[in-house]
1. Net charge within 15 Å of Pro286 by Cβ-Cβ distance, Lys/Arg positive one each and Asp/Glu negative one each, not counting Pro286 itself?
2. If we restrict to alpha carbons, what Rg and Dmax does segment 166-322 come to, in Å?
3. Students often check this: by mean Cβ neighbours within 10 Å, which of 316-324, 223-231 ranks highest, and how do the rest follow?
4. Of Thr187, Trp215, Ser198, which is farthest along the charge dipole of segment 179-220 in the positive direction, counting Lys and Arg as +1 and Asp and Glu as -1 at C-beta?
5. Counting pairs of Cα atoms in segment 24-84, how many percent are more than 13 Å apart?
Amino acid sequence: MFKIKTLLGRLPLKRFLSTSPNNVLEHLKERALIRVSGHEVSNFLQGLITNDIEHLNSGPGSMYTMFLNSSGRVLYDTIVYRCKEKDTYLLECDIQGLETLQKHLKLYRVRRKIDIASLADEFKIYVLFNDSVINCNSTDDQKMLDGVIIPCQKLNESVPQTTHTVHRDLLIYRDPRVAHLGSRIITKSDINISEQISDIVNVESRPDSTRNYRWLRYNLGVGEGFLDLPPRDCFPLECNCDYLHGISFHKGCYIGQELTARVHHTGVVRKRLMPIYFTKTPTKSPDEKIVQENVNLGKLRGVETDVGLGLLRITKALAVNEIKIGDGIGTTRKPNWWPIEAPKEKINTYSTEKWKLSW
């Protein structure tokens, strides 16, 4: 379908990738790809996704977005990749939703000449990340940025190999959500990626490590897939889709836009996905609901060793010193990558003054 060769020599990837020994390469077995192509594919996707597909035509090679139902609830969280071929995109989704997402796309295809095909058997998805970016006890943004992998966003040219003779069939994209999440690497199933990437960047092999990609995501408070974002059970703003650059509030209509835009413009989002750092890790599977002293703090989405992910009522969760989950105890805080919000009083004052001036 497409063949991408690295830019070693003229454009060494070592300039873009961290040389830290803490780099980890992990196969994302729970993620799969769908290829969507056709002359009208851009307009087709534009009416279904929360983000603006036009960003990919002149910007980065990947984009985070969601598919919603008519009630504005999340169906699928996806990363859209631009391909070298014209009018062709790759959609990365949870493998559990691979078939249903295909049916969803075909339902709205109507009579458009658009090809929708699964690439689950042909291609694999890897993540290259650096776990040294995590320092849960620090609120210093600069410390959180140490060791972040800054990759080449796309490799879409073929150039002479000056130091290597082996061509590498790799697609490397920077994660469009948070820089701390590293890079996505797409390769054919029969490619030995460890050999291909070993001389580009230092990679540490830790098959039994507890500091895996899911642990990294939970530390950052980022949900992904059906486990963290149950279909038809959550809203995009509660999943931090706006903070993760996954929603455009300036594009045209799309399915589920009305409720999403209304909540955004009212400025009231009481619940969001947030990390839970355990000082005492639960030893047994806790209940989904998090209730403390008869106060409902939210829902638990998952636990990975010493960190969890919860859909928490922001004000109430931050007000308690500790959160009891099963026989475990944890704390939460706003992730460092969240934007700084202006106090509501200042917003209201500004709006009132602006209204007076207009008169």
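1. Computed value for this residue: 0.
2. Rg then Dmax for segment 166-322, in Å: 18.9, 63.
3. Put in order of decreasing packing, that is 223-231, 316-324.
4. Trp215
5. Beyond 13 Å sits 68 percent of the P(r) for segment 24-84.
Readers should treat all values here as calculations from the given coordinates under stated rules, not as data from a laboratory. Given the structure is predicted, the values throughout are model-derived calculations rather than measurements. Neighbour counts are summed over all protein chains in view; Cβ atoms, including those assigned to glycine, are modelled from backbone coordinates with ideal geometry.
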